[in-house]
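To start, the structure itself, in structure tokens.
The values are calculated or read from the model by the stated rules, or taken from the named source; none is laboratory data. In this text the structure is predicted, and so the values were computed from the model without any measurement. Positions of Cβ are backbone-derived with ideal geometry, glycine not excepted, and every protein chain shown enters the neighbour counts.
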Amino acid sequence: MKEGAGRVASESSVGTWTENLSTETPQVLKRLKYLMARVFEIKGNYIKVAYPFDLFEPGNMPQILSSIAGNIFGMKALKNLRLEDITWPPKLLKTFRGPQFGVNGIRKIFKVYDRPLTATVPKPKVGMTELEEAKIAHDIWLGGIDLEKSDENLASMRFNRFEKRINLLVKMRDKAEKETGEIKSFLPNISAETNEMLRRADLVKDCGGEFVMIDILTVGWAALQTMREECEDLELAIYAHRAFHSSFSRNPRHGMSMLCVANISRLVGVDTLHIGGMGKLVSPKGEVFILKDALENKSIKSGHTILSKNWYDVKPVFSVSSGGLHPGSIPKLIKLLGTDIILQIGGGVIGHKMGIIGGGKAVRQAIDATLKNISLKEYSKKHEELKTALTMWGYKAPI
């Protein structure tokens, strides 16, 4: 363990595989002794490594991750290696923007302060024309859902162009707001090459949108940092999608945890982030709690695989629960996660037998019942949409 730990610290800082380098003058050796990473704790299979601040370029997330999460995963000396958590020193924390809006800012957009917010992805998530999606969005909003969301793989396709789609969505949103008396919004996926994302963000702002959605891992941290700056100028909130994370976070013995992704996302400055929902996707209950704490709390206490940290003035991120949710699963989620959550429910709205509007109403009825401390079974006696949803899906999330 000591040999493996030492190699991790060495490879991620100033070490190399050989000795007696011709470049190691007394001055350089003195500097390297100060700059080297140090393993300061070993407990079982877990190690803690500390890095001097001067190893990093402030405000440069790609460089930081290339250091602490770069070559180390490919070292032959180790069969498996997993980065579980990261703590940020205050001096480094202050070089990143953090969320622009956070939980309170998002709630202020909707003027909703006492219940979970809701979002729905039109299904199928790709394959519809711009007009077809806009009409579905209208029904989603009429049912009581707050946000219509493009999914991770809907960009600007031949059958559904970005510009046309957002212009139609704005018209339908304005119509739905007049019909419902509620504030509505949409989440346009702007994920693309960085310059194109900048252009699309401008289009969203020009047409009256409040949000952009970004596939933060597939576009990369550098692109996300660029968009965080642009979105501050445009006053647009960033709704972060975590597509791709399971490629390196699912294996508990190798890669990087979703907790690290959450920490980095909060530091760079997204306003919402998916944390799972104990539904159809792999998302252990314990991990969901850990992620919500990491995104929401100002200070984090250390645990078995969690490092203590203080976020100081960095705003909390609005957690998004998704993946196979439906009205029957809402009481459990609110009980476990509280009301500061965005419930993203797709098939549980779109697949409702009474139609999309009925599906949206069933979601809102389930939320209302839960907040009034009334069982769904009892509440459904006077609410046909909820009753139908419970008959269809029951109370458990799908496997």
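Give me a count of the residues in the range 250-280 that are more than 18 Å from Trp221 (Cα to Cα) and not small (Gly, Ala, Ser).
The number of residues fulfilling the criteria is 8.
Taking the condition within 20 Å of the chain's Cα centre (by Cα), β-branched (Val, Ile, Thr) and part of a helix (DSSP H, G or I), does Ile330 pass?
yes
List every residue pair whose Cβ atoms sit under 8 Å apart, with the two residues 6 or more apart in sequence or on different chains, where the first one lies in the range 24-42 and is loosely packed, with under 13 Cβ neighbours inside 10 Å and the second, anywhere, is in a strand (DSSP E or B) and not aliphatic (A, V, I, L, M).
Phe40/Lys48; Glu41/Lys48
Do any strands (runs of 3 or more DSSP E) lying entirely in the range 116-222 carry at least 1 residues that are among the hydroxyl-bearing types (Ser, Thr, Tyr), and which ones are they?
117-120, 185-187
May I ask you to verify whether Asp313 is closer than 20 Å to Ala237 by Cα, assigned by TED's automatic domain parsing to the domain that holds Ala243 and more than 17 Å from the chain's Cα centre (by Cα)?
Yes; evaluated as a whole, the condition is true for this residue.
Any residue in the range 118-134 that is free of Cβ contacts under 8 Å to residues at least 24 places away in the same chain sitting within a Cβ distance under 9 Å of a residue that is surrounded by 16 or more Cβ atoms within 10 Å (Cβ to Cβ) and part of a strand (DSSP E or B)? List the pairs, counting only those 6 or more apart or interchain.
Pairs that qualify, where the first residue is free of Cβ contacts under 8 Å to residues at least 24 places away in the same chain and the partner is surrounded by 16 or more Cβ atoms within 10 Å (Cβ to Cβ) and part of a strand (DSSP E or B), are Glu132/Asn160.
Considering the range 97-115 alone, what residues qualify as being outside any loop (DSSP other than H, G, I, E, B) and either without any contact (Cβ under 8 Å) to a residue 12 or more places away in the chain or among the basic types (Lys, Arg) (or both)?
Passing the criteria: Arg107, Lys108.
Of all residues being touching a strand residue (DSSP E or B) at 6+ places or on another chain (Cβ under 6 Å) and at pLDDT 95 or above in the range 130-151, which is surrounded by the fewest Cβ atoms within 10 Å (Cβ to Cβ)? Just the residue, please.
Step by step, filter the range 130-151, then rank; the result is Glu130.
What tally of residues in the range 85-96 results from selecting those that are surrounded by fewer than 16 Cβ atoms within 10 Å (Cβ to Cβ) and not polar (S, T, N, Q)?
Number satisfying all stated conditions: 4.
Taking the range 309-327 only, how many residues are in a loop (DSSP other than H, G, I, E, B) and at pLDDT 95 or above?
Final tally of qualifying residues: 8.
I'm trying to understand the selection: among the residues of the range 238-266, which are under 12 Å from the mean Cα position of the chain (by Cα) and assigned to a helix (DSSP H, G or I)?
Selection gives Met258, Leu259, Cys260, Val261, Ala262, Asn263, Ile264, Ser265, Arg266.
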